[in-house]
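In what follows, a structure is listed as structure tokens, so that the remarks can point back to it.
The values are calculated or read from the model by the stated rules, or taken from the named source; none is laboratory data. From a predicted model like this one, the values you see are computed outputs, not experimental measurements. Cβ sites come from the backbone with ideal geometry, for glycine too, and all protein chains shown count toward neighbours.
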Amino acid sequence: MKIGFIGLGNMGAPMAANLVRAGHEVVGFDPAAPMPDGVSPAPDAAAVAAGAEVVITMLPNGQILRSVAAEIIPAMNAGAVLCDCSTVDVESAVAVARQAQDRGLGALDAPVSGGIGGAAAGTLTFMVGGSDSAFATVGPLFEIMGQKAVHCGDAGAGQAAKICNNMILGATMIATCEAFALADKLGLDRQKMFDVVSTSSGYSWSMNAYCPAPGVGPTSPADNGYKPGFAAELMLKDLRLSQQAAEGVDAATPMGELATRLYAEFVEDGDGRGRDFSAMLPRLAGQGRS
Ligand code: NAD
């Protein structure tokens, strides 16, 4: 298949590399990142779109997605599919899908879970919104880049699933970190704490797969000085998207609201900037109740 790939950063580069390894012809554009081996560089985003059967975007946010979409949609072949894998607001996802459909193109919002490790290993989970026919076209590519693709519904449904998932992630990471901080002060060994919780009813992905305590559980950013991984800024971005969506539909999300506030304080007072989102543990461990 002829594939265009726009946005070859931490996630996009390994995803594109997996498509090349599977034998696809990939043309890429990114104004800042180097092209992965085997991806042919294009001079701009429109040049990527021309001739591609599927164009994948992996960009920082909805504003950038909208500006890139305005460039590429007019350049895409009729019948081609625009598949956005970035995490963006539901409104941007729906607006871009509508513009693509108005020009006779297929469109999917297909954000991912699994992080840079999952992108490199080809084990991402894709949560997808859009038509059955567009999902069928891109399905074989999801199989190369990921282990699972769930077709969640119409345009925007993939982003809705993503922000709900990441709202849970933000809240469970904070809960896991504060439990470790409490355990420390109660004199409980962190390894014992992990051994109990990871096999008890307090278990979660944050504890079992991404343990925020260094030297405990599987290797995680905590073992690498809290270098991201998944940056605290990106967690905050996703939590804010969840709260923006919740306001739009009048949904009660008190835990999501509190998690958003705690990550905003963490990032904005400088403690969390540039660090993994699990660095909430040393922050809470260093604080008292007031
Ligand atoms: P990143 O910053 O490493 O990569 C984004 C890339 O987009 C950069 O290389 C940048 O140069 C490029 N870009 C910016 N403007 C562009 C434009 N106009 N045209 C073409 N390219 C442009 O970010 P990332 O970690 O790869 O994340 C990408 C998306 O995936 C984000 O929406 C993020 O929320 C989401 N995501 C990230 C992770 C993770 O663990 N890093 C996990 C799941 C989802």
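The residues of segment 197-213 that are hydrophobic (A, V, I, L, M, F, W, C) and in contact with a Cys (Cβ under 9 Å, 6 or more places away or on another chain) amount to a single one, A213. Scanning segment 11-27 for residues that are more than 9 Å from the ligand (Cβ to nearest atom), hydrophobic (A, V, I, L, M, F, W, C) and in a loop (DSSP other than H, G, I, E, B) yields a single hit, A22. Filtered by the rule that a residue be closer than 20 Å to P74 by Cβ, assigned to a loop (DSSP other than H, G, I, E, B) and near the ligand (Cβ under 9 Å from one of its atoms), segment 28-56 gives P31, D44.
Of all the listed residues (L82, L8, L59, L65), the sole one being buried (at least 20 other Cβ atoms within 10 Å of the Cβ), more than 11 Å from the ligand (Cβ to nearest atom) and at pLDDT 95 or above is L82. Taken together, the residues in segment 259-282 that are part of a helix (DSSP H, G or I), touching a residue at least 40 places away in the same chain (Cβ under 8 Å) and not hydroxyl-bearing (S, T, Y) amount to 7.
Going by the structure shown, is G115 out of contact with any helix residue (DSSP H, G or I) (no Cβ under 9 Å at 6 or more places or on another chain), within 11 Å of the ligand (Cβ to nearest atom) and under 19 Å from N18 (Cα atoms)? Steps first, answer last, please.
Values: out of contact with any helix residue (DSSP H, G or I) (no Cβ under 9 Å at 6 or more places or on another chain): yes; within 11 Å of the ligand (Cβ to nearest atom): yes; under 19 Å from N18 (Cα atoms): yes.
Answer is yes for this residue.
Per the listing R289, R275, R283, the residue uniquely over 20 Å from S113 (Cβ atoms) and in contact with an Asp or Glu (Cβ under 8 Å, 6 or more places away or on another chain) is R283.
Condition test on A209, is it within 16 Å of G115 (Cα to Cα), among the aliphatic types (A, V, I, L, M) and free of Cβ contacts under 8 Å to residues at least 12 places away in the same chain?
Values: within 16 Å of G115 (Cα to Cα): yes; among the aliphatic types (A, V, I, L, M): yes; free of Cβ contacts under 8 Å to residues at least 12 places away in the same chain: yes.
Here the answer is yes, as A209 does meet what is asked.
Would you check which residues across segment 214-230 are among the aromatic types (F, W, Y), more than 16 Å from L169 (Cβ to Cβ) and surrounded by fewer than 20 Cβ atoms within 10 Å (Cβ to Cβ) and list them? First the steps, then the outcome.
Initial filter on segment 214-230 (among the aromatic types (F, W, Y)): 226, 230.
Those still in the list that are more than 16 Å from L169 (Cβ to Cβ) too: 226.
Across segment 214-230, there are no qualifying residues.
Residue-wise test of (1) among the β-branched types (V, I, T); (2) farther than 12 Å from D109 by Cα; (3) not in a loop (DSSP other than H, G, I, E, B).
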site	(1), (2), (3)
V138	yes, no, yes
E143	no, yes, yes
Q147	no, yes, yes
C152	no, no, yes
K162	no, no, yes
M167	no, yes, yes
A171	no, yes, yes
T176	yes, yes, yes
L188	no, yes, no
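For segment 151-169, does any single residue satisfy the condition of being surrounded by fewer than 16 Cβ atoms within 10 Å (Cβ to Cβ), within 21 Å of the chain's Cα centre (by Cα) and more than 16 Å from the ligand (Cβ to nearest atom)? Yes, segment 151-169 has at least one match.
Among the residues of this structure, V128 counts as one that is within 16 Å of the ligand (Cβ to nearest atom), surrounded by 17 or more Cβ atoms within 10 Å (Cβ to Cβ) and either closer than 25 Å to L262 by Cβ or hydrophobic (A, V, I, L, M, F, W, C) (or both). Say whether the condition of being modelled with pLDDT of 95 or more, under 24 Å from S206 (Cα atoms) and β-branched (V, I, T) is met by at least one residue in segment 116-127. For segment 116-127, residues modelled with pLDDT of 95 or more, under 24 Å from S206 (Cα atoms) and β-branched (V, I, T): present. State which residue is nearest to the chain's Cα centre (by Cα) when the search covers only segment 95-125 and only residues that are surrounded by fewer than 19 Cβ atoms within 10 Å (Cβ to Cβ) and within 17 Å of A69 (Cβ to Cβ). Top of the filtered list is A95.
Of all residues in segment 213-236, which are under 19 Å from the mean Cα position of the chain (by Cα) and either of a type outside the set (G, A, S) or part of a strand (DSSP E or B) (or both)? Break it down stepwise before answering.
The first filter runs over segment 213-236 and keeps only residues under 19 Å from the mean Cα position of the chain (by Cα), leaving 220-221, 226-236.
Answer for segment 213-236, where residues must be under 19 Å from the mean Cα position of the chain (by Cα) and either of a type outside the set (G, A, S) or part of a strand (DSSP E or B) (or both): P221, Y226, K227, P228, F230, A231, E233, L234, M235, L236.
Taking each residue of segment 62-80 that is basic (K, R) and looking for partners that are in a helix (DSSP H, G or I) with beta-carbon atoms closer than 6 Å, six or more apart or interchain, yields R66/S92. Could you tell me whether segment 238-254 includes any residue that is within 16 Å of the ligand (Cβ to nearest atom) and in contact with a strand residue (DSSP E or B) (Cβ under 9 Å, 6 or more places away or on another chain)? No, segment 238-254 contains no residue that is within 16 Å of the ligand (Cβ to nearest atom) and in contact with a strand residue (DSSP E or B) (Cβ under 9 Å, 6 or more places away or on another chain). Under the condition of being in contact (Cβ under 8 Å) with a residue 24 or more places away in the chain and charged (D, E, K, R), which residue from segment 218-238 is nearest to E265 (Cα to Cα)? Only one residue fits best here, namely E233.
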